[in-house]
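For reference, the structure discussed in these notes is given below.
The values are calculated or read from the model by the stated rules, or taken from the named source; none is laboratory data. Keep in mind the model is a prediction, meaning the values are calculated, not measured. Because the Cβ atoms are built from the backbone with ideal geometry, glycine has one as well, and the counts that use them run over all protein chains shown. To get the accessible areas, we keep the full protein, side chains included, count just its heavy atoms, and leave off ligands, DNA and RNA. Shrake-Rupley method; radii C 1.70, N 1.55, O 1.52, S 1.80 Å.
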Amino acid sequence: MESRVGIESVSLAYKKIILGVTGGIAAYKAAELCRLLAKAGADVRVAMTAAAQQFVTPLTFQALSGKPVLTSLWDSASGDGMEHIHLSRDADLLLVAPASADFLARLAHGRADDLLSTLCLARSCGLAVAPAMNREMWAAAPTRRNLEQLRADGVSVLGPAAGEQACGEIGPGRMLEPADILAALPGLLGAGPLAGKRVLVTAGPTFEPIDPVRGLTNLSSGKMGYAVAQAAAEAGAAVCLVSGPTCLAAPAGVRRVDVQSAAEMRAAVLRELPSDVFIAVAAVADYRVDAAAPQKLKKSDAGLNLRLVANPDILAEVAALPGAPFCVGFAAETERLAEHAEAKRIRKKLPLLVGNLAQDTLGQDSAELLLFDDRGRHPLPRADKLTQARRLIRHLATLLN
Ligand code: CTP
């Protein structure tokens with residue numbers, strides 16, 4: 001039996017979103033975010049701090065949102081002078097993008113000394129922040145402390161991304177791209193098909209040390225696993241991504257745990273359980289070096305013999321646990337895909353397995369996939385990995401619900 005799995009994006013239509021803009025060069029990107037929100041059908045009200053108005057004028061946001069921009073607590077035009085209370089009561093989400101280091105500090109301390117901070121304190125809806133700052137400011141101990149506090153207070157932290165910064169330095173701290181922030185919102189609004197679910201994803205290769213500077217690894221880029229984590233977060237799940245070494249940034253709203261070897265990946269996965277869903281996308285090395293050398297090995301004309309021992313199968317172990325999560329496996333085969341993949345699904349006792357041709361997928365940006373479950377096979381025709389991940393998550397959600 002075969003069926004096609006469609007994509008269905010969660011709509012922002014009619015959602016009331018307050019977009020808070022604070023002072024930083026990324027404020028110019030908030031204009032694009034405002035445009036995308038309005039285009040997605042959201043009812044956007046923009047509130048700007050005094051510092052934000054040094055970078056972009058309120059008129060820009062007024063034109064993009066179609067509504068007057070809120071800039072002051074002391075605006076006598078609003079009837080009873082309680083605009084901040086009414087607005088925050090009415091909103092579905094308060095999104096501060098960019099959120100400067102100073103604003104995060106004020107938020108963490110519950111300050112209410114301008115309109116935006118007062119809206120944040122008075123709100124009854126969810127609050128998300130997209131930090132944007134210089135990399136040293138991002139790494140600074142007070143910022144770390146403030147973020148920890150904000151997370152403990154239930155604030156969703158989107159990003160930041162890493163890369164070239166306005167100051168010319170390179171590192172983490174720049175605001176996520178507007179399209180990435182937009183993609184994270186349906187999940188935050190609790191509107192997605194995985195709302196309230198915990199999803200644990202493994203991604204990337206593993207690195208099995210030979211000595212302190214060498215090791216065994218594979219060509220997995222991690223792109224598929226990161227796309228799956230992003231799609232699950234967009235669908236409203238709380239997502240933890242256990243990642244082997246990759247060059248990728250964690251998707252918005254996803255908590256990433258970095259590991260190197262299969263043993264570390266296994267330990268991290270077991271630590272992160274319980275979870276409703278476990279999606280094993282990582283290309284875990286099947287073998288590790290029996291006894292990695294504590295010091296760098298010196299070359300020798302006699303050659304080198306490495307004794308390899310089998311690594312634990314993380315997916316099979318999790319699937320066999322009492323009260324196991326809904327487990328999804330990936331199978332990259334080089335031939336007889338359907339036959340090998342179905343055998344793997346039965347052997348590992350998986351309700352859902354994603355098959356692909358290894359030579360077609362490794363390191364590529366697009367893939368053709370075949371889903372296997374108790375009802376049969378479901379082809380996902382070739383598309384980019386994020387589209388495929390969203391299709392997979394839709395399918396998984398229907399099986400789960
Ligand atoms: N997997 C895992 N832990 C391992 C090995 C694999 O969790 N030690 C997971 C992968 O993340 C993937 C699936 O199991 O979801 C792949 O199955 P696997 O049996 O490892 O595939 P291959 O190693 O390719 O198997 P074979 O060599 O038999 O084809």
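Worth a mention:
- Qualifying residue in the stretch 129-149 (condition: among the β-branched types (Val, Ile, Thr), closer than 27 Å to GLY329 by Cβ and in contact with a strand residue (DSSP E or B) (Cβ under 9 Å, 6 or more places away or on another chain)): no
- ARG271 without any contact (Cβ under 8 Å) to a residue 12 or more places away in the chain and open to solvent by 90 Å² or more (accessible area, probe 1.4 Å): yes
- Unique match (being farther than 17 Å from ALA232 by Cβ, open to solvent by 40 Å² or more (accessible area, probe 1.4 Å) and in a strand (DSSP E or B)) among ALA332, ALA343: ALA332
- Cross-chain or 6+ apart pairs with Cβ under 8 Å, the stretch 160-188 first and within 27 Å of VAL199 (Cα to Cα) and touching a residue at least 12 places away in the same chain (Cβ under 8 Å), then of a type in the set (Ser, Thr, Tyr) and open to solvent by 60 Å² or more (accessible area, probe 1.4 Å): PRO186/SER9; PRO186/SER11
- Residue check for GLY303: on the phi > 0 side of the Ramachandran plot and in contact with a Ser or Thr (Cβ under 6 Å, 6 or more places away or on another chain): no
- Restricting the stretch 304-328 to residues that are in a loop (DSSP other than H, G, I, E, B) and within 8 Å of the ligand (Cβ to nearest atom), the residue that is most open to solvent (accessible area, probe 1.4 Å): ASP313
- When residues of the stretch 185-217 are limited to those that are part of a strand (DSSP E or B) and of a type in the set (Val, Ile, Thr), the one most open to solvent (accessible area, probe 1.4 Å): ILE210
- Residue under evaluation ALA162, criteria (1) at pLDDT 95 or above; (2) over 25 Å from VAL44 (Cβ atoms), criterion not met: (1)
- Summed over the stretch 332-357, the residues that are within 27 Å of the chain's Cα centre (by Cα) and of a type in the set (Val, Ile, Thr) give a count of 1.
- Per-region count, the stretch 274-299, residues of a type in the set (Gly, Ala, Ser), away from the ligand (no atom under 15 Å from the Cβ) and touching a residue at least 40 places away in the same chain (Cβ under 8 Å): 2
- Pair list, Cβ < 7 Å and 6+ apart or interchain, from the stretch 300-313 residues that are farther than 14 Å from VAL284 by Cα to residues that are more than 13 Å from the ligand (Cβ to nearest atom) and open to solvent by 70 Å² or more (accessible area, probe 1.4 Å): ARG307/ASP290; LEU308/ASP290
- In summary, strands (runs of 3 or more DSSP E) completely within the stretch 245-303 and bearing 2 or more residues that are over 26 Å from ALA162 (Cβ atoms) and either modelled with pLDDT of 95 or more or not charged (D, E, K, R) (or both) occur at 277-280, 287-289.
- Which numbered condition GLY329 fails, given (1) more than 19 Å from the chain's Cα centre (by Cα); (2) in contact (Cβ under 8 Å) with a residue 40 or more places away in the chain; (3) farther than 25 Å from SER366 by Cβ: (3)
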